[in-house]
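Here is the structure we will look at.
Only the coordinates and a few stated rules stand behind these numbers; no lab work does. This is a predicted model, so every value here is computed, not measured. Neighbour counts are summed over all protein chains in view; Cβ atoms, including those assigned to glycine, are modelled from backbone coordinates with ideal geometry.
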Amino acid sequence: MAESYKEIMNRINTFIFDVDGVLTDGKLHISNDGELLRQMYVKDGYALKAAKEKGFNICIISGGKNDGVRKRLENLGVTDIYLGIPQKTIVFEEYIKKHNINPQEILYMGDDIPDYWVMKEVGLPTCPQDAVSEIKSISRYISHKNGGNGAVRDVIEQVLKVQHKWMETYDATL
């Protein structure tokens, strides 16, 4: 019998997320000077920071490139940020080798075709509710939240709760 996604969550030590459609709702606001603006959900940010504080590896791999996204993630304590990456599998392989991470201990959340091949390599492929059908078909867990609207918080909170790390020590500064 195959393991449930909750059982797999017990061994997760690394979260990898896409940006557009996962940490954002996938919509781009275009300013008059052509700058592409994105919107992130503050509760996803809280969960990212909490996971980092609890010792989880956090990695971002995105095809998009935006200095505002990088600054926001850095302010949350995320240091492994790879933006403007057309071939995510190359960065993924380098990342796990550099940090000596077993792919079976990784939760990856993606929403579209560029995430597909990395998601096939991890222990727990997940996606937001509004992901494309090809990504939903390979996901072990589909969040009830849409991208940019709490999907990241959903998966982080579940992993931390399964591992009894969610509210073990509440720090109001998070």
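Under a crude label model (7 Å from the Cα following the beta-carbon direction), how far is S133 from L37 in nanometres?
So the label points at S133 and L37 sit 3.5 nm apart.
After finding the eigenvalues of the alpha carbon gyration tensor for the chain, what semi-axes result from the square roots of 5 times each, listed largest first in whole Å?
Here the semi-axes work out to 23, 19, 16 Å.
Which residue, L73, L37, L23, has the most motion in a Gaussian network model of the chain that connects Cα atoms within less than 10 Å?
The residue that fluctuates most here is L37.
Roughly what % antiparallel, to the nearest 5, for the DSSP beta bridges in region 5-162?
That works out to approximately 15 percent antiparallel.
If the reach is capped at under 19 angstrom between alpha carbons, list the lysines near K161, excluding any in the same chain fewer than eight residues apart.
Filter leaves K6, K43, K49, K52, K54, K145.
In this model, which of K65/K165; K65/K120; K97/K120 are farther than 28 Å apart at the alpha-carbon?
Result: K65/K165 exceed 28 Å.
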